[in-house]
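A short worksheet on the structure shown next.
Each value in this text was obtained by applying a stated rule to the coordinates, not by laboratory testing. Please read these numbers as outputs of a predicted model, since none were measured by experiment. When we count neighbours, we look across all protein chains shown, and the Cβ atoms used for this are built from the backbone with ideal geometry, even at glycine.
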Amino acid sequence: MPTRHFDFLIDKGHPIGEVIGVDRYLVRLRGMHPVNQHSLVLFEDGSKGFVQYIYDDHVEVLHLGDSTLTVGMTAVMQHNELVCKVGKDFIGRVINVMGEPLDGKGPIAADATRPVFNSAPPIYQRKQLSDQLETGIISIDSLFLLLKASVWHSLAIVNLVRVHSSLN
């Protein structure tokens, strides 16, 4: 049974598709064009998925719900990209991959939605590393020094040679 939100998306003119094949969590939809890779899809039973592959005649969607989908069901594109709910109320809560609570403490009010796939900030906006992240593995910790300022390069190379020779 479709939800009000599902019907709203269809009435708004979002791309619609029909399930033509189901293989566990991979669902084939016909008629979902135009759609982008990683678009969030809402199925008529309320479960969600995201577009994994786009072909000329169909798209393949990774189903993120635990309900069983059947051939002939309808799906609609909810968002043009994969998004997640965010907000201060999520701190300390146990949620599933779709942001729904699993801890039995009731629903979580989201402040906003944010895209999952973001571009990295330009290099000039990033902060320079000032502290070493110690893993406890000497060879890894010595390699990390190569990422720091050039003052450390000679020391890191000496340490790396020492570690490498002690391991062999």
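Numerical summary
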| item | result |
| --- | --- |
| Candidate lysines - alpha carbon under 16 Å from LYS127, same-chain residues fewer than 8 apart omitted | LYS148 |
| Ascending count of other beta-carbon atoms within 10 Å, so fewest first, for ASP141, ASP103 | ASP103, ASP141 |
| Loop-resident sites, the stretch 1-87, for chymotrypsin sites (Phe, Trp or Tyr not before Pro), counting at most 16 other Cβ within 10 Å (DSSP) | TYR25, TYR55 |
| Cα gyration tensor shape for the stretch 1-45, rounded if a/c is under 1.5, else prolate or oblate | oblate |
| Extension gain, ARG93 back to LYS12 (0.36 nm per residue minus Cα-Cα distance, nm) | 25.8 nm |
| Reach of LYS105 by Cα under 29 Å, taken over lysines that are not fewer than 8 positions away in the same chain | LYS48, LYS85, LYS88 |
| Per-residue Cβ neighbour rank within 10 angstrom, fewest leading, VAL19, VAL97, VAL61 | VAL97, VAL19, VAL61 |
| Nearest-20 debye value, the stretch 1-85 charge dipole, Cβ charges on Lys, Arg, Asp, Glu | 200 |
| Phi to ³J(HN,Hα) by Karplus 6.51 cos²θ - 1.76 cosθ + 1.60 over the stretch 23-33, Hz, x for Gly, Pro | 10, 6, 9, 9, 10, 9, 10, 10, x, 8, 6 |
| Sequence of LYS105, LYS85 once ranked by neighbouring C-beta atoms within 10 Å, starting from the fewest | LYS105, LYS85 |
| Spacing of the two label points (7 Å from each Cα toward its C-beta) at ARG114 and GLN52, in nm | 2.7 |
| Chain lengthening between ASP23 and ARG126 when straightened (0.36 nm per residue, less Cα-Cα) | 32.8 nm |
